[in-house]
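Scroll down for the structure; my scribbles are underneath it.
No value in this document is a laboratory result; all are computed from the given coordinates. Because the structure is predicted, anything quoted here is derived from the model rather than measured. Cβ: placed from backbone, ideal geometry, glycine included. Neighbour counts: every protein chain shown.
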Amino acid sequence: MQENTPDFEDDDDFDRPSKSQLKRDMTALQKLGEELLALPESRWEPLALPEILYDALRHAKKITNFEGKRRQMQYIGKLMRKIDAEPIREAVAAFKLGHAQDSLKLHQSERWRERLLASDEALQEFLAEHAEVDIQQLRSLVRAARKDAANEPEKRSGRAFRELFQFIKASEAAAEDE
């Protein structure tokens with residue numbers, strides 16, 4: 001009786017990646033190229049990219065046509081197959097982390113502003129956390145922002161409102177530097 005299973009020898013080459021895996025890897029590199037393109041050009045310099053990749057990235061920034069941009073991104077992905085992509089991944093991750101931290105700081109300042117406008121207890125809490133701030137200036141800004149909010153409750157973008165935010169943001173940065 002004959003079996004229908006093929007005979008595999010030990011020297012058959014099944015340890016290479018599948019065609020699907022190669023395509024996934026190429027797509028991942030193209031996506032990394034798009035993320036690299038989103039970085040400011042000043043962040044490209046420390047990566048020591050090949051000149052041809054620099055040129056391709058600069059050219060891609062100028063392309064507005066959808067199909068042209070798509071083809072250029074494929075070309076960038078192809079170029080990226082020839083280099084070590086790990087430093088680029090790290091640079092993109094560091095840039096994203098920096099943006100996330102900056103955004104978090106801004107949200108924290110916005111929360112402080114809302115709390116300061118809502119209650120006097122928040123003013124005492126802020127002063128306890130930020131002992132180095134000018135108390136008179138802070139109270140003056142809070143009073144002015146509350147007055148603006150009372151005059152126009154639906155409009156939360158008066159000058160005092162913005163100045164209070166800038167003051168809080170600067171105080172947070174000063175406290176972080178210490």
Express in whole angstrom the spacing between the alpha-carbon centres of region 95-110 and region 33-77.
-> 26 Å
Could you list the residues of region 104-129 with an amide nitrogen less than 13 Å from a label point located 7 Å from the Cα of Arg162 in the Cα-to-C-beta direction?
-> none
With 0.36 nm assigned to each residue of separation and the Cα-Cα distance removed, Gln101 to Ala38 gains 20.9 nm
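When every alpha-carbon pair in region 69-126 is counted, what percent end up more than 18 Å apart?
62 percent
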Length gained, Ala173-Ile52, 0.36 nm per residue minus C-alpha separation, equals 39.5 nm
Whole-Hz ³J(HN,Hα) from phi, Karplus 6.51 cos²θ - 1.76 cosθ + 1.60, for region 159-169, glycine and proline x | 4, 5, 4, 5, 5, 4, 4, 4, 5, 5, 4
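How many percent of all Cα-Cα pairs in region 102-177 sit more than 14 Å apart?
Counting every Cα pair in region 102-177, those more than 14 Å apart make up 58 percent.
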Please work out whether region 15-109 counts as rounded, prolate or oblate from its C-alpha gyration tensor, where a ≥ b ≥ c are the square roots of the eigenvalues and a/c under 1.5 means rounded, while otherwise a/b larger than b/c means prolate and anything else oblate?
-> prolate
Please give the direction-averaged projected area of the C-alpha convex hull for the chain, in square nanometres with one decimal.
-> 21.3 nm²
